[in-house]
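The structure appears below as structure tokens.
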Amino acid sequence: MLPEIENLLRLQEADKAIRRLQDEIAELPKRVAAIEQKLAGTKAQLEKAQTAIKADEASKRKYETGISDLRGKISKYRDQSLDVKTNEQYKALLHEIQFAEKEIAATEDKILELMVNADARDKEVKGAQAELKVQTAEIEKEKEQARQRTEEDQKQLTEWRAKRDELRKGIGDDLLRHYERVSKFRGSGISEVRDHKCMACQVMLRPQTYNDVRSGKETVVCDSCQRILYFNPADELAEQKPSLHRPRRHHPKIDAPQAWYYRAEYGDAGEVYVCLSNAGGQASRRVYEVHTGRLIGDILSREGDYRHAFPEDITGAIRLNGNWNEEELDAWGTEAPMVVLDSLHADLEAARYEMKTRASAAPEPPATVAPEQAAR
């Protein structure tokens with residue numbers, strides 16, 4: 001691995017740590033603000049309950065004053081009733097007394113209702129005061145923890161920034177600019193290559209690109225995501241270990257109405273996947289670039305079965321598993337989906353492994369015996 005690539009990997013680690021610390025430092029005040037907002041809500045609830053208690057007390061005093069006034073009127077009316085000369089005057093005073101007594105009863109009911117409410121409001125105030133006390137202690141604790149955590153994060157942030165500045169010195173200016181530009185838009189600027197694939201964007205690499213990355217002799221960039229690529233042999237070996245126990249590969253039916261083939265060379269296009277289909281007495285052919293899924297040329301149709309219509313595309317090709325109906329093929333337009341490419345590539349790898357296993361398991365031809373040994 002090139003020294004610059006090793007420095008880039010360490011630089012990316014530093015950048016991730018810096019972003020994590022910056023996010024954590026920015027998040028701590030938000031956590032404190034959320035608790036303070038909750039505290040403000042509890043304070044508002046307490047103030048509302050206390051205001052309601054004061055309003056009830058004012059209403060109670062008003063009602064008590066009203067009752068006192070009404071009782072004074074009743075006493076006055078009774079005194080007047082002793083001096084009246086006619087029944088009409090006496091009835092009128094009696095009516096006023098009865099009306100005042102009803103007013104007193106109604107007002108006493110209101111006072112009783114306020115007294116009942118007072119108990120509930122008193123409980124509400126005490127509950128809000130207790131909650132406020134707990135939240136106040138909690139926010140003070142949270143603030144102290146946030147202060148300590150921020151100090152620790154700031155210290156680590158300073159250390160990581162110093163490491164990053166030192167690492168940048170070991171990377172060329174052009175490569176560093178490319179890394180930072182891609183990191184800004186994609187979150188990372190360097191990606192591992194494993195199993196012929198860029199692990200960041202999951203796009204298959206061209207064979208030559210893959211070989212260049214494996215060689216580690218020059219800097220290589222992913223054609224799809226523009227990340228700088230590197231290869232770790234240890235990771236590739238770990239990936240290959242389970243392949244010792246691969247399940248038996250499913251083989252496509254020889255008489256299937258659709259067949260997919262892999263061709264290592266197809267004119268100037270290089271590696272391609274060929275899709276041959278039979279429908280309505282005619283055979284059609286679609287050719288897709290292996291790594292991008294781009295449709296190469298037009299869809300070609302010929303009379304008869306695809307085995308006889310396109311023998312030149314079958315000869316020397318590797319038959320693959322694949323079956324998508326005509327509607328799906330038409331829906332792809334000029335580019336096969338990545339999920340399709342992944343499926344075909346996985347089956348291609350399985351087919352290659354199967355061919356390699358068969359070749360290694362084939363018996364060796366008998367050794368030639370020299371004439372003089374045969375005669376003995």
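The values are calculated or read from the model by the stated rules, or taken from the named source; none is laboratory data. Predicted model only: the values in this text are computed from it and were never measured. FYI the Cβ positions are ideal-geometry reconstructions off the backbone, even for glycines, and counts take in every protein chain you see.
Points worth noting:
- In segment 182-196, the qualifying residues are those that are more than 16 Å from R19 (Cα to Cα) and not hydrophobic (A, V, I, L, M, F, W, C), and the one that is surrounded by the most Cβ atoms within 10 Å (Cβ to Cβ) is S191.
- Among residues of segment 179-193, those that are in contact with a strand residue (DSSP E or B) (Cβ under 8 Å, 6 or more places away or on another chain) and either assigned by TED's automatic domain parsing to the domain that holds L348 or small (G, A, S) (or both), counted: 2
- Selected residue (criterion: farthest from E57 (Cα to Cα)) from residues of segment 76-111 that are hydroxyl-bearing (S, T, Y) and surrounded by 12 or more Cβ atoms within 10 Å (Cβ to Cβ): Y90
- Among (1) assigned to a helix (DSSP H, G or I); (2) within 30 Å of C201 (Cβ to Cβ); (3) under 32 Å from the mean Cα position of the chain (by Cα) - the single one D174 does not satisfy: (3)
- Any chance L9 is in a helix (DSSP H, G or I) and closer than 30 Å to G216 by Cα: yes
- Spans of strands (runs of 3 or more DSSP E) in segment 268-376 with at least 3 residues among the charged types (D, E, K, R), within 30 Å of P207 (Cβ to Cβ) and modelled with pLDDT of 85 or more: 282-289
- Any hit, segment 93-116, residues being in a helix (DSSP H, G or I), within 30 Å of R31 (Cβ to Cβ) and of a type in the set (V, I, T): no
- Complete set of residues in segment 194-232 that are closer than 17 Å to Y179 by Cβ and either free of Cβ contacts under 8 Å to residues at least 12 places away in the same chain or assigned by TED's automatic domain parsing to the domain that holds L8 (or both): M199, V220
- Of A14, A40, all but one fail to be within 28 Å of the chain's Cα centre (by Cα), more than 30 Å from E103 (Cβ to Cβ) and in the same structural domain as D122 (by TED's automatic domain parsing); the exception is A14.
- Only one entry in K85, K126, K73, K141 is over 51 Å from the mean Cα position of the chain (by Cα) and assigned to a helix (DSSP H, G or I), namely K73.
- Where a residue in segment 337-350 is more than 13 Å from C275 (Cβ to Cβ) and among the charged types (D, E, K, R) and its partner, wherever it lies, is modelled with pLDDT of 85 or more and surrounded by 14 or more Cβ atoms within 10 Å (Cβ to Cβ), with Cβ under 7 Å and at least six apart: D347/L320; D347/N321
- When residues of segment 213-228 are limited to those that are farther than 13 Å from C198 by Cα and not basic (K, R), the one surrounded by the fewest Cβ atoms within 10 Å (Cβ to Cβ): E218
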